[in-house]
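Visitor: Pasting a structure below so you can have a look.
The values are calculated or read from the model by the stated rules, or taken from the named source; none is laboratory data. Keep in mind that this is a model prediction, so the values were computed, not measured. With ideal geometry, Cβ positions are generated from the backbone for all residues, glycine too; neighbour counts draw on all protein chains shown.
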Amino acid sequence: MGFPSFATRLATAAVVITAALAAGGSTATASAPEAQAEIAVSAPEVFAGFTDNLPFGNNVQVTKKLLIPTGTYTTTAKVVVSGDGSSADVKCRIGTTTGGDADEGRSTLSASARAQTMSLQFNTIINAGQDVIALTCTRNATSTGVVLSWMKIAAIRVADPSHLHNVPLA
């Protein structure tokens, strides 16, 4: 089965755009008709935050938070963990403060591995009010000189919750 022809994609886009307009939606200008259809039906909303330099200092644990409204989200986070060459174990966890799905990553720093990048991802549904996505990093108490940098959280709200599928891997 090959990729649909341009004529098929154009006809499908026209039907979807017409249906979206009939339902009171609006479209945005895009360079391709199929992109217009996607924008007309479910334009995602992105909530993002960052911290570029966050030393642990005397703290064993640091947390950064991003407030998000009701919705269905797929969320990614990234943090660079670096050290002064001494041995350090760092664990970072991302999730909502009310619980549910989460992700966790670990880095071990040493004289030969002074910096590592952690990438984290999770999906969640916020049913009422607002919630907070928290990225919490913990270091072992004996390590010093550990810095978190280029920390970023991006939560993408899916307009139609039925378009986010989160299942165990087979």
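Visitor: Just to check your reading of the model, which residue among SER87, SER119 is in the same structural domain as THR51 (by TED's automatic domain parsing), closer than 22 Å to ASP52 by Cα and among the small types (Gly, Ala, Ser)? Break it down into steps so the answer makes sense when it comes.
Guide: Details: SER87 fails: closer than 22 Å to ASP52 by Cα.
Only one candidate qualifies: SER119.
Visitor: Only residues in the stretch 98-126 that are closer than 28 Å to THR144 by Cβ count as the first member; pair them with residues that are assigned to a strand (DSSP E or B) and among the aromatic types (Phe, Trp, Tyr), Cβ under 6 angstrom, at least 6 apart or cross-chain, and list the lot.
Guide: So the pair list comes out as ALA102/PHE122; ASP103/PHE122.
Visitor: Taking the options THR108, THR72, THR97, name whichever one is closer than 18 Å to GLY49 by Cβ, touching a strand residue (DSSP E or B) at 6+ places or on another chain (Cβ under 9 Å) and of a type in the set (Ser, Thr, Tyr).
Guide: Working: THR108 fails: closer than 18 Å to GLY49 by Cβ; THR72 fails: closer than 18 Å to GLY49 by Cβ.
None of the other options fit; the residue is THR97.
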